[in-house]
Structure formats: structure tokens, C-alpha cells
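This structure is in C-alpha cells; I'll ask about it shortly.
The values are calculated or read from the model by the stated rules, or taken from the named source; none is laboratory data. Just so it is clear, the structure is predicted and the values come from calculations on it, not from any experiment. No Cβ is skipped: glycine too gets one built from the backbone with ideal geometry, and neighbour counts run over all protein chains shown.
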Amino acid sequence: MSVRPTRRGWGVLAVALAGFALGWLFGGRSLNVVVMPAAAAFVLTGVYVARYDRPSVTRTVPEHAHQGETRTVDVAVDARHEYPVTVRETLGEGLLGNGLLETVADGREVSFEVELADRGEHGVGPTELVAIDPFGLWTRTFRYSQVDRVTVFPRVHDLTDTAGLLTGYIGVTDERGQFEGLREYQRGDPLRDVNWRASAKRPGDLVVTTFAGEGATNRVVVAADAGGGRADAVAEAAASVVAHLLDAGISVGVVTAAGSVSPATGDAHRRVVFGHLAALGDGRLPRGADEDADIVVRSAAQRVEISAGDRARRYRDVVGARRAEA
């Protein structure tokens, strides 16, 4: 931390020194009316600022969000005695925003918005806090090394025309066969398959409709291969496929060049998978990983393809509107 005069403080000091010089040369006692208060104010405010206690800084950042979204960072500065402060928050590459805040060290909370521009993990901090005296003559700087991390997930888009690509996975096909029968609801079944009329006749139980031609698979592994570059596009396409399958109640796992996540369901697992894809970089899958996967998302020849079995589609042909993820 450091204590130093502001521009205004240097100006007051210059006036005081000039007054002393003129009084010394010309004996102008009337100058004391200006000189003495200026000198006293300069010295006393310097001592006052030097005695500021080190404030505590509390920062609240979003743990995660999707690329392109905007989130709020909250900052609170608290000290035993109130004084005005300027907070300068450092934003890591991939985060856009103005981290310069004017506040008072009394525990109040102030905030600024951050745009999550790039996928990956980015930092908010360290923090520089500049305290100032009430007359604006002196400042004291405090520095805090704490850095909070924000995980920026890939963008997620709705998928269109998936029947020809993802046929065979429960709840995913857009054009299913004829009615086959009813069965009891099982965890992971999509709600759209619940037969509410039949369920009403069986209090306490839910019944789902089954269709001829529906696959029996409810566990899918998605491989993301960015060996051909375009890691951002591959991560986005893989995240969109994963979200589509999870929404249908399917257990989904992922495998990338950096590792894998076992299939599961639920919001917590969704965040784990998105976090894994957030770190996706250019690199090829381990040998045989694409053969073991049910769906492969890869970059090739300046495009991104989604392959399932013997079917392959360009991502741009099935991508829809961007989804607002909570």
C-alpha cells in the first residue's frame, strides 16, 4: 500500500509554498490567511489518510455461464471508518467489462456487468483499491491478490431436423413409429412421453407411451474431436447435442482429447459436461475413442460434422436458434 498526494494535493502544496515564499520576501502577513489553512489541510489530511485501516473487499462472481452471455459482478468494501474509495477490478482475457467502481467503505454493494466473450476459464481479480480523503488531497492504495474464476461454457443452440441423425435414442426422434403400448414411468423418461390420460386411471403412478421403432438406448457417449481445428465450433456443436439428449432424459457422457466424463443425467452433470467442453482445445481424440462413441462431433475440411452410426450431417444444417440456458 502507498500514500501519495493527488493533483489537487500537489496544487494546495504549491500554493502554500508560494505563499510562504512571498511572505518571506515581502513580509505580507495577510498571506497567512491563505497559507496556513492550506498547509494545515495538506498535512492533516495526509496524516488522516495514512491512518486508514485496511478495508475488507468481498467479491461475488458468477461461477459459470455460457459464452456470449452477460453476468453481474458484485463488490463490497468495508472498513471500521467510512471513506470514499475507487475499486479497480482486473478482468482476464475473455471477459469484457468496466471494472472501475466508485463507492464508500461502509459495506454497501456495488456491481458492474461482465460479458463472457470467450469460452474457457477466466479470472476476475486481482483488485486495486484507492482510498481518498474527504478533500481529495491524498490517496492511499491497497492491493488484493484474490482471483475468482468464472467458467464460460460453450454456446448452446436448439437442434432442428434431428430425426434423420439421432434416430434410435429414446425421446430424441422427431418422427417415431406407430403406437406400441404403455409401461410404467422410469427415471429419465422424457415428460413428453407421459400418457396423462392413462396415468389418471392409476393414482400414484405415471404411465408412458412407447412407440414401435424406438431404440432401447438411454445411455449415449458423445465424442468431440477438434483435431482439425475450430475448437470453439466443435465445443458448441457438442454442447448442443449433449443438451438435446439430456433434455430427452438420456444419460450422456463425453470424451475429448483431454479426457472423458461418464454418462449420467441431471443439472449437476450437465454443468460438469459443459465445463469439460469449456476446456476443449485443438487436439485429436485418443485412438479408438471415436469408434467407441455413439455420436462423434468433429471438424473437417472447414466444417463441423455430427456423425451417428452411418449417418453424418453438417452442424450448420441442424443448428437452430440459440438457447437461453439458465
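Does residue 83 satisfy the criteria of being touching a helix residue (DSSP H, G or I) at 6+ places or on another chain (Cβ under 9 Å), modelled with pLDDT of 55 or more and either of a type in the set (Phe, Trp, Tyr) or assigned by TED's automatic domain parsing to the domain that holds residue 232 (or both)?
Criteria met by residue 83.
Would you pick out the residues in segment 83-108 that are in a strand (DSSP E or B), of a type in the set (S, T, N, Q) and under 21 Å from the mean Cα position of the chain (by Cα)?
Of everything in segment 83-108, just one residue is in a strand (DSSP E or B), of a type in the set (S, T, N, Q) and under 21 Å from the mean Cα position of the chain (by Cα), namely 90.
Among what's in segment 48-64 and is surrounded by 14 or more Cβ atoms within 10 Å (Cβ to Cβ) and among the aliphatic types (A, V, I, L, M), pick the residue that is modelled with the lowest pLDDT.
Only one residue fits best here, namely 49.
Right, something else. Check segment 124-145 and report whether any residue there is in the same structural domain as residue 64 (by TED's automatic domain parsing), under 16 Å from residue 65 (Cβ atoms) and either at pLDDT 90 or above or touching a Cys at 6+ places or on another chain (Cβ under 9 Å) (or both).
Yes, because at least one residue in segment 124-145 is in the same structural domain as residue 64 (by TED's automatic domain parsing), under 16 Å from residue 65 (Cβ atoms) and either at pLDDT 90 or above or touching a Cys at 6+ places or on another chain (Cβ under 9 Å) (or both).
Looking at this structure, is residue 45 at pLDDT 90 or above, more than 11 Å from the chain's Cα centre (by Cα) and either outside the structural domain of residue 273 (by TED's automatic domain parsing) or on the phi < 0 side of the Ramachandran plot (or both)?
Against the criterion (at pLDDT 90 or above, more than 11 Å from the chain's Cα centre (by Cα) and either outside the structural domain of residue 273 (by TED's automatic domain parsing) or on the phi < 0 side of the Ramachandran plot (or both)), residue 45 does not qualify.
Quick grid of which residues meet (1) outside the structural domain of residue 314 (by TED's automatic domain parsing); (2) in contact with a strand residue (DSSP E or B) (Cβ under 6 Å, 6 or more places away or on another chain); (3) at pLDDT below 85:
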site: 200; (1), (2), (3): yes, no, yes
site: 262; (1), (2), (3): no, yes, no
site: 266; (1), (2), (3): no, no, no
site: 270; (1), (2), (3): no, no, no
site: 276; (1), (2), (3): no, yes, no
site: 282; (1), (2), (3): no, no, yes
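Next question, about the same structure. Restricting attention to helices (runs of 4 or more DSSP H) lying wholly within segment 234-326, give those where 2 or more residues are among the β-branched types (Val, Ile, Thr). Give the steps one after another, and end with the answer.
Numbers: elements: 267-278, 289-292, 315-318.
Output list reads 267-278.
Here is a yes/no grid of residues against (1) out of contact with any Pro (no Cβ under 9 Å at 6 or more places or on another chain); (2) in a strand (DSSP E or B); (3) closer than 30 Å to residue 281 by Cα:
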| position | (1), (2), (3) |
| --- | --- |
| 81 | yes, no, no |
| 114 | no, yes, yes |
| 118 | yes, no, yes |
| 150 | no, yes, yes |
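Separate question: Every residue in segment 252-296 that is touching a residue at least 40 places away in the same chain (Cβ under 8 Å) and of a type in the set (S, T, N, Q), please.
The one that is touching a residue at least 40 places away in the same chain (Cβ under 8 Å) and of a type in the set (S, T, N, Q): 265.
Return the residues of segment 215-230 that are outside any strand (DSSP E or B) and crowded, with 24+ Cβ neighbours inside 10 Å; say none if nothing qualifies.
Here is the first cut: in segment 215-230, the ones outside any strand (DSSP E or B) are 215-216, 218, 226-230.
Of everything in segment 215-230, just one residue is outside any strand (DSSP E or B) and crowded, with 24+ Cβ neighbours inside 10 Å, namely 226.
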